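Step one of this worksheet: look at the structure below.
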Amino acid sequence: MAEPSENKIHDVAVIGGGGAGTMAFLRAVLNGDDSLLLSGDATTARKGRATWVAEVDNIPGMHGLKRPITSTTKSTLSWLQSQDWLRDRAAQISASVTKLEKQGDIFVLHHGKDGEGRSRARFVILATGVMDVQPQIGGSIEPIFPFANRGDILYCIRCDGHRTLGHDTAVIGNSESAIYIAAMLVERYGLKPPAILANGTDLQLGDEAEELRQAYGMALHTEAIQSVLGDKKTGLAGFEVQGGATVSVTRAFVSLGLICYNELLTGLDGQVTSSGRAVVDEQFESSVTGLFVVGDLVVDRKLQVYTAWDGAVDAADSINSRLRNERRKARIDQFRSQTGSG
């Protein structure tokens, strides 16, 4: 790819190298816009949802791929690197953006260790994503990870609900979403009513959700989870809660909310919801002119690869339309000046 330059003003800078960011970068490059991808570093990769997705069953073509999101993004960047006719339009920096400024119509991106790097762009597409809140078990989130890596602990019912077929299940959560996920598991997959593990927190249910819990016969455990039963070889066997009771299950969903990586947006006073997700218009432009947000960070969008891709294309195309209209107007103005017309 082209070598980045601090003095250059790119048409588009994309922040985030996951599925949404890579799609936005690819589309911007194919649109003919001078594009820069800031794909993050090892720390941002560990914090990204895409890194931990081991398999994807609900998207055609991804069956059987290991780490499908990271593998497809790497192959796309490798392909761009191999295309001589596209290479000059595409630059990549493997660093995280620490600060985003707007100076007039230009965005300044501070990146790298201590933010010493600088890049500039007319437009920015933010694809920094979200991460699921993990349950604290014995004072740590670590006990859950071996079972999440196996696919015994799940987070997205649309992605992985089918993986519960034939299993006893639980939902870890203390809000109404935990009840509705549990109900959907029964309704879609014919499971026995899942247990609800509030993990030592107050259960925050309205009358309708509480009535649904009782109607489906969902057992409620408000005690803190003391330990996860089973091991990474044989799989999840259940949970021990405070007081010694055992909840025997072989699959569990976590429903505790999201960590939204929105600091670059809110640093420019961009609008977010109370949950931290970005408010955007139909073309995915935020309340900050020229700053677009795509992927899981966007409010009221499915947390799915295909919706992330779709939004990324819309954002890149909207930017390209503005750039082309500017160039078209400048060409017409030049023509009129030269010919004395108009």
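Quick look at the values:
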{"item": "Any hit, segment 285-293, residues being free of Cβ contacts under 8 Å to residues at least 24 places away in the same chain and β-branched (Val, Ile, Thr)", "result": "yes"}
{"item": "Only listed residue being touching a residue at least 60 places away in the same chain (Cβ under 8 Å) and within 30 Å of ALA148 (Cβ to Cβ), chosen from ALA24, ALA13", "result": "ALA24"}
{"item": "Strands (runs of 3 or more DSSP E) contained in segment 109-217 and holding at least 2 residues over 20 Å from the mean Cα position of the chain (by Cα) and either more than 30 Å from LEU264 (Cβ to Cβ) or in the same structural domain as GLY40 (by TED's automatic domain parsing) (or both)", "result": "117-126, 169-172, 195-197"}
{"item": "Residue match in segment 66-88 (condition: closer than 21 Å to LEU264 by Cα and either part of a helix (DSSP H, G or I) or not β-branched (Val, Ile, Thr) (or both))", "result": "no"}
{"item": "Output for segment 283-302, where each listed residue is of a type in the set (Asp, Glu) and under 13 Å from ILE319 (Cα atoms)", "result": "GLU285"}
{"item": "Segment 176-192, subset of a type in the set (Gly, Ala, Ser) and touching a helix residue (DSSP H, G or I) at 6+ places or on another chain (Cβ under 8 Å), residue surrounded by the fewest Cβ atoms within 10 Å (Cβ to Cβ)", "result": "ALA183"}
{"item": "Hey, GLY151 exposed (fewer than 15 other Cβ atoms within 10 Å of the Cβ) and under 22 Å from ALA237 (Cβ atoms) or not", "result": "yes"}
{"item": "Hits in segment 290-315 (condition: part of a helix (DSSP H, G or I) and of a type in the set (Gly, Ala, Ser))", "result": "GLY295, ALA308, GLY311, ALA312, ALA315"}
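The values are calculated or read from the model by the stated rules, or taken from the named source; none is laboratory data. As the structure is a prediction and not an experimental result, all values here were calculated from the model. Glycine also receives a Cβ, built like all others from the backbone with ideal geometry; neighbour counts cover every protein chain displayed.
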